[in-house]
1. Using 19 Å as the cut-off for backbone N distance, which residues of the range 373-392 belong to the label zone defined by a point 7 Å from the Cα of residue 416 along Cα→Cβ?
2. Pick the calculated percent of Cα pairs over 31 Å apart for this structure from [x] 76; [y] 55; [z] 48?
3. For a quick check of your reading of the filter: which trypsin sites (Lys or Arg not before Pro) in the range 148-219 sit in a DSSP loop and have no more than 12 other Cβ atoms within 10 Å?
4. With respect to the cross-link table entries 322/391; 253/421; 391/438; 385/451, which display a Cα-Cα separation exceeding 32 Å?
5. Packing-wise, with mean Cβ within 10 Å as the measure, how do 46-55, 247-256 rank, highest first?
6. Just want the ordering: 315, 1, from fewest to most Cβ atoms lying within 10 Å of their own Cβ.
7. Percent antiparallel among DSSP beta bridges with both residues in the range 233-469, to the nearest 5?
8. Just from its helices, what would the mean residue ellipticity at 222 nm be for the chain, if runs of 4 or more DSSP H residues each count -39500 (n - 2.57) and the sum is divided by every residue, rounded to the nearest 500 deg cm²/dmol?
Amino acid sequence: MEKYLFILGRNWRLSLAEIDSFLQQEAYLGRITDFSANVAIVEFDHPKFSNPEKSLEIISELMIKLGSVQKIGKCLDFIEREVFENGFPLNADIADQRALVYSGRRYVDNTLKDIVFELFPKIKNQKFFIANSIYPEAFNDSYYKEVLVSYFLHYVNKFFNTHLREEGAKQAIYYKYPQKNIESGNLNPLFPHHFLRYRLYEPNRVEILYCMTEEGMYVGKTLTVVDSNFQKEMDEERPFKQFRQSIPPKFAKTLISYLGIKHPYKGKKIYDPFCGSGTILQFGQMLGLQVYGSDIIEEQVKGTRQNIQFAANLMETNLSKKNLEENIQVADIANVQDIFPDNYFDGIPTEPVLLPYYREAPSYEELREILDNESIPLYNQLLKKAFRLLKPGARLALVAPIIQTKEGQKIGFPITQLAMKIGFKSIQLLDTSRIDEKENPRFKLQGQNQKSIFDAGSKHISREFFVFVKPRKSKK
């Protein structure tokens, strides 16, 4: 069965949860079979993956939807960790282990030769460009800095340059990383936009991925990457901007993913009752969903309409002014049922901004007063209205802040308790029964509460992600 390499965003738990939310859907059936802080190894069970053209189509479709994945590649080969580390040991006197090192490197060489044969059926008189990207278990591992960057990167660069020329290539060059980054060990792999800039999707131009996990080294070829330039344009070039209180595009897409809306999206409706500048709805529009929103501030509603129209123009889709005005309205959360009927939406993704903007950490007493008298009652109101507006079986994907006080305490919201009291069922964001346990303590999942996932934000505020489902049969 083919394996695929999903290169993860900064928050690997958030990425794994998002990927697995798709792998449980009929259109993308599959499992995460291995992972590290930087990669998830995925095997698909869907019969369409037996067809190379169909599989590429599905992978490209997934890449557009995923918010916390940078690249997706196809695994070409695998080297067991012990064999790989024999060839490239850490803190070892190579002279004393010459036979073991030679054996390990010969195995790596033969693996790379097989990959060359698979990637480039015709070599003689051809020109090649290779970009080698290394993804360790974690970027702060000493093995990454002292071995993979210092030795292995040079090794594979030299291998492809030498081997392709020996096979008759007219030219074989490789992507050169900044030397100061190599020497310091602080080296980022190739950024997604470089994949497009260097046209690594063309014949004889390729990015090769080296992804280390607890099990070993997966070697693959990048198939598709996130279009970071397009996302940047959607975010930074839109007519109405509120960067201080705007959710990042990657999280907007991730929230939509957590809704678990089945493919195809056409005709499915999502609603953001705290739409702000409309970031979530912009990306919902981009993905082909019908988007609805409301906000108590008229300026933000007007800005959201402008931004959704901007997104529609970028996508070259028609969007009537009448639909925009009907779908995006000024409304207090307490009155949204006057605008939209019960059991109407297929999903509600939202990040309410229900706190002051803190330049400095608040005191515990100051924060507690705001939470108890203002913020928590508003979240409770949101949960009640969402329960009414969602179709049975539909989900609410919600972000709530965690605030650090000047006394050093971290204070969150009792979201799960409030939601379950109303009638929601809490969804386990990361289903640990579907992912094999790791020996490395930093990657332990079993026994942890994965019903919410945290993401570090600013100095004083971080995010907590929740997903709830409205039961199909409800007494409410």
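1. 376, 379-380, 383-384
2. [z]
3. On the way: sites: 158, 165, 170, 176, 180, 197, 199, 205; in loops: 170, 176, 199.
Those that pass, being in a loop and sparsely packed, are 170, 176, 199.
4. Working: 322/391 25 Å; 253/421 28 Å; 391/438 38 Å; 385/451 22 Å.
Beyond 32 Å: 391/438.
5. Working: 46-55: 13.0, 247-256: 24.7.
So the peptides 46-55, 247-256, ranked by packing, come out 247-256, 46-55.
6. Values: 315 14, 1 9.
Listed from fewest to most nearby Cβ atoms, that is 1, 315.
7. On the way: 17 of 30 bridges.
Within the range 233-469, antiparallel bridges account for around 55 percent of the total.
8. Working: 15 runs with 161 residues, N = 476.
Here the helix-only value at 222 nm equals -10000 deg cm²/dmol.
A short reminder: the numbers here are calculations on the coordinates, not readings from a lab. Keep in mind the model is a prediction, meaning the values are calculated, not measured. Counting neighbours? That spans all protein chains shown, and the Cβs are built from the backbone with ideal geometry, glycine included.
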